[in-house]
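FYI, it's all coordinate maths here, none of it is from the lab. Just so it is clear, the structure is predicted and the values come from calculations on it, not from any experiment. A quick note on method: Cβ atoms are made from the backbone with ideal geometry, for glycine too, and the neighbour counts reach across all protein chains shown.
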Amino acid sequence: MYVATKGGERAIGAAHAWLDAARRGDTALAEVTAAQVEAQLGLAVDRVMAEGSCHDRGLAALAVKQSRGDLIEAAFLLRAYRTTLPRFGASLPLDTNAMLLKRRVSATYKDLPGGQVLGPTFDYTHRLLDFRLAAAGLAPEPPPEAEPATDATPRVTEMLAREGLMQREAGDDREPGDLTREPLAFPADRALRLQALARGDEGFLLSLGYSTQRGYGGNHPFVGEIRMGEVTVEFEPAELGFAIELGEIGITECQMVNQFKGSRTEPPQFTRGYGLVFGHGERKAMSMALVDRALRAAELGEACDAPAQQQEFVLSHCDNVEATGFVEHLKLPHYVDFQSELENVRTMRANVEAVK
Amino acid sequence: MTHHTGYNFAYLDESTKRMIRRAILKAVAIPGHQVPFGSREMPLPYGWGTGGIQVTAAVLGPTDVLKVIDQGADDTTNAVSIRAFFHRVAGVATTERTAEATIIQTRHRIPERLLTERQILVYQVPIPEPLGKLEPRIAETRRMHALADYGLMHVKLYEDIARFGHIATSYAYPVMVNARYLMSPSPIPAFDNPKMDQMPALQLFGAGREKRIYAVPPYTSVRSLDFDDHPFRPIRAPHACELCGSRDTYLDEVLIDDVGGRIFVCSDTDHCSERQAMKEAAE
């Protein structure tokens, strides 16, 4: 006689073995190494670091390999590793003014001190499949190198702020919260909102940011500045009393300039939306800046009815590791509850029949 | 007992466990109240029991005997996976016998056998907020709990009666704990709700993704919401178990062919096999 499915343990073992084989693929082909992933699929690695909220290119590359290129799965692997790491302190705030720039563009000025530096961007490529890449072999020509700029690269937003046109961010000496240690409570302050957005899903933030451009909570953005490059991480051990350099990490920062009509207490001026992500993640940094500004609607006394302006909605749903877990849990067995629903619907149908 | 080297006993580091234990103590002190806690990222996905796993990890000791069930069964894939996880990172003894377990982690069921004071029942909770379907804003539902303002839920149940003639909630059926807090019993069938009332075992609820822990201490009043003229009615399939003949346990419906053939078997596999063994011994 048929009895409920048995042998879950054996099935899981077999599924894992199959997964391993599927990941490796055709063994006649060379196995891809984590180092190759790190070097040649760098933007995938960067995205995994950002959403996995752990800056380690090597581990992120390993996660991409292990997850067969499923980047949300890779971010999940990295998060689950990160959570076991002991925490011995917090770094000093990053000084992105002192960033070693690979790219710096502003859309608000034709030219500006420090210049426009395009860097390794897809922006002006023609999106034509390059069939030469299908045939492995030749390394590309080395790019021409200019003398590194030595003059300062001031911030666009700071130049506007000096003129009184850009709202200054309110200073806050309180220790920022940590949403990986304390659950998010609402309303969440801006530091926590930015934390959530920084590790949030790129696609989700992209769509939300896009929705603000299409009229759902619009805030008339201009890219004040995008900078991408290496920034020094400093740490001040209590026993030393001075900061030491731990190393450099790659980051992308975006400052959006947005209109603000002014309020009873503040004159009309520009306001800022801010985005910062690990690695080269320009789309994410821009989307984050749009959503950050949208989430400031309440504080600025603006109407607050679009999805991107509602912090419970945005912050509760931007984390793709949480989202994928809960969506995919629907494939776990639910037959116990379904059984009670079956009986429930049968009862309802019987009641309807009885009334007829 | 040996466990996977490279990780602390039961995976979480000791300071994290202490944080979770503090949340559990607070939860026990305020029965039915959802306590926010610093839920960690676990190596299993959100929605697959990360809250229950963290609670279990925090209360688990080396001499504990762990049972893990999903849908009432020990051999469902996710139960197998969680049991294997604790075997790997804690090296504790595991069992499929309800009577032998000191900690039982469950998804969607309460075992049929009456639990004892020596046992802890850990529920995996997907959505801890019983009012969430009626009011999605957590800031607002917290206020409603603070004021014990549960009119919204009573209206919902009343609307069920007005439309269907009975309360049409068959699982995750809301309960009042200690006559104070409205609580989600997690998605157990309403059939299991009465077992929560005055249960001798400690009941702990972990919601990892939503970062909440709540508890029902032993011998606490847990009442399923109802009305005087529409008393709470647990739902079960009106059949006997094909294997053990039980008429008072929760049954799963199993399709045996594609022309409408079906049998009903106990959802609690341990309870069912115990009854089968008793039946055989008697014969």
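Here chain A has an Rg and Dmax of 24.9, 88 Å, counting Cα atoms alone. Within region A:168-247, the chymotrypsin sites (Phe, Trp or Tyr not before Pro) that combine a DSSP coil assignment with at most 10 other C-beta atoms in a 10 angstrom radius are A:Phe242.
Using Cβ point charges alone (K and R +1, D and E -1), the dipole size of the protein assembly as shown about the Cα centre works out to roughly 780 debye. May I ask you to list the residues of region A:42-71 whose amide nitrogen lies under 15 Å from a point 7 Å from Cα along the Cα→beta-carbon direction of A:Asp172? What the label zone holds, given the 15 Å backbone N cut-off, is no residue at all.
Taken over region B:1-158, the ratio of Cα radius of gyration to 2.2 N^0.38 Å equals 1.13. Along region A:235-242 the Karplus relation, 6.51 cos²θ - 1.76 cosθ + 1.60 evaluated at θ = phi - 60°, assigns HN-Hα couplings of 9, 10, x, 4, 6, 8, x, 9 Hz to successive residues, with x for each Gly and Pro.
At the listed q of 0.10 Å⁻¹, the Debye profile of the protein assembly as shown, built from one uniform point per Cα, gives log10 I(q)/I(0) equal to -1.03. The mean number of partner chain beta-carbon atoms within 10 angstrom of a residue's beta-carbon across peptide A:322-334 is 6. Against chain A, whose longest principal axis comes from its Cα atoms, helix A:282-294 is set at around 90 degrees. Short to long, the 10 Å bins of the Cα pair-distance histogram for chain B hold 7, 28, 34, 22, 9, 1, 0 percent of all pairs. Ordering B:His166, A:His16, A:His126 from the fewest to the most neighbouring beta carbons within 10 Å gives A:His126, A:His16, B:His166. Think of chain B as a dipole: +1 on every Lys or Arg Cβ, -1 on every Asp or Glu Cβ, centred on the Cα centre; then among B:Gly51, B:Ser224, B:Thr169, B:Gly51 lies furthest on the positive end.
A Stokes-Einstein calculation at 37 °C with viscosity 0.692 mPa s, built on the Kirkwood radius of region A:128-241 over Cα pairs, returns a diffusion coefficient of 164 µm²/s.
Taking springs between alpha-carbon atoms closer than 10 angstrom, which of B:Met199, B:Met183, B:Met144 fluctuates most in the Gaussian network model of chain B? Residue with maximal mean-square fluctuation among B:Met199, B:Met183, B:Met144: B:Met144.
Whole-Hz Karplus values for region B:159-175 come out as 4, 4, 5, 4, 7, 10, x, 7, 6, 9, 9, 10, 8, 6, 7, x, 10 Hz, taken residue by residue from phi with 6.51 cos²θ - 1.76 cosθ + 1.60 and θ = phi - 60°; glycine and proline positions read x. Hydrodynamic analysis of region B:214-268 uses the Kirkwood radius over alpha carbon pairs. Inserted into Stokes-Einstein at 20 °C and 1.002 mPa s, it gives a translational diffusion coefficient of 152 µm²/s.
Counting DSSP beta bridges with both partners in chain B, what percentage is antiparallel, nearest 5? Could you put the intermediate results ahead of the total?
Working: 22 of 38 bridges.
Restricted to chain B, the bridges split so that about 60 percent are antiparallel.
Taking a point 7 Å out from the Cα of A:Ala14 in the direction of its Cβ, the residues of region B:52-83 whose backbone N falls within less than 19 Å of it are B:75-81. When all alpha-carbon pairs of region A:119-191 are counted, what percent fall beyond 20 Å? Result for the distance tail: 70 percent.
Can you show me the helix-derived [θ] at 222 nm for chain A, built from DSSP H runs with n ≥ 4 at -39,500 (n - 2.57) apiece and divided by the number of residues, rounded to the nearest 500.
Mean residue ellipticity, 222 nm, calculated: -11500 deg cm²/dmol.
For region B:179-196, the Karplus equation 6.51 cos²θ - 1.76 cosθ + 1.60, evaluated at θ = phi - 60°, returns couplings of 6, 10, 9, 6, 9, 8, x, 6, x, 7, x, 4, 3, 7, 3, x, 5, 6 Hz by residue, with Gly and Pro reported as x. Computed about its Cα centre, the charge dipole of chain A is approximately 1100 debye, with only Lys, Arg, Asp and Glu carrying charge at their Cβ.
Give the residue list of GluC sites (Glu not before Pro) in region A:231-281 that are DSSP loop and have at most 12 other beta-carbon atoms within 10 angstrom.
Passing sites in region A:231-281 are A:Glu239.
Taking chain B as a Gaussian network, Cα atoms linked when under 10 Å apart, which of B:Val254, B:Val175, B:Val68 shows the biggest mean-square fluctuation? Of the options given, B:Val254 has the highest mean-square fluctuation.
Shape call for region A:276-356 from the C-alpha gyration tensor, a ≥ b ≥ c root eigenvalues: rounded (a/c under 1.5), prolate (a/b greater than b/c) or oblate? Oblate shape, in that a/c is at least 1.5 and b/c is the bigger or equal ratio. Of interest is the spacing of the C-alpha centroids, which for region B:7-46 and region A:147-218 amounts to 31 Å.
Computed from the C-beta positions of B:His239 and B:His166 and an R0 of 30 Å, the FRET efficiency is 0.90 to the nearest 0.05.
Between B:His154 and B:Asp258, the simple spin-label model (points 7 angstrom out along Cα→Cβ) gives 5.1 nm. Projected label points at A:Gln66 and A:Ala152, each 7 Å from Cα along the beta carbon direction, are separated by 4.6 nanometres. Mean partner shielding of peptide B:126-133, defined as the number of other chain Cβ atoms within 10 Å of each residue Cβ, is 1. Using a Gaussian network model of chain B in which every pair of alpha carbons under 10 angstrom is joined by a spring, one finds that among B:Thr269, B:Thr95, B:Thr77 the greatest mean-square fluctuation is at B:Thr77. With an a/c value of 1.5 or above and a/b larger than b/c for the gyration tensor axes a ≥ b ≥ c computed over the alpha-carbon atoms, region B:139-283 is described as prolate. Amide H contacts for B:Val65 (H built 1.01 Å from N in the peptide plane; partners 5 or more residues away or on another chain; cut-off under 5 Å): B:Thr102, B:Ile103.
FRET efficiency for the A:Gln213 to B:Ala93 pair, using the beta carbon distance and R₀ = 56 Å, is estimated at 0.45.
Computed about the Cα centre, the dipole magnitude for chain B is approximately 1200 debye when only Lys and Arg (+1) and Asp and Glu (-1) carry charge, each at its Cβ. Note on the protein assembly as shown: antiparallel DSSP beta bridges, both residues inside, total approximately 75 percent of the bridges counted. Across chain A, C-alpha contacts under 8 Å between residues 6 or more apart give a mean separation that, scaled by the residue count, equals a relative contact order of 17 percent.
For region B:146-215, trypsin sites (Lys or Arg not before Pro) meeting the loop criterion (DSSP other than H, G, I, E, B) and having at most 16 other Cβ atoms within 10 Å: B:Arg180.
The alpha carbon convex hull volume per residue for region A:17-98 rounds to 111 Å³. The mean number of Cβ atoms from other chains found within 10 Å of a Cβ in peptide A:47-57 is 0, as a whole number.
Two-decimal Rg/Rh of region B:64-117 from alpha-carbon positions, Kirkwood Rh?
Over the Cα atoms of region B:64-117, Rg/Rh equals 0.94.
Averaging Cα coordinates gives a centre for region A:46-62 and one for region A:77-104; these two points are 11 Å apart.
The slack between A:Arg264 and A:Leu94, meaning 0.36 nm per residue of separation minus the straight C-alpha distance, is 57.7 nm. On the beta carbon distance between A:Ala39 and B:Ala282, with R0 = 51 Å, the FRET formula returns roughly 0.10. With each label modelled as a point 7 angstrom along the Cα→C-beta vector, the A:Arg23-A:Glu234 pair spans 4.1 nm. With the cut-off at 1.5 for a/c, could you classify region B:121-211 from its C-alpha gyration tensor as rounded, prolate or oblate? Because a/c hits 1.5 or more and a/b fails to exceed b/c, region B:121-211 counts as oblate.
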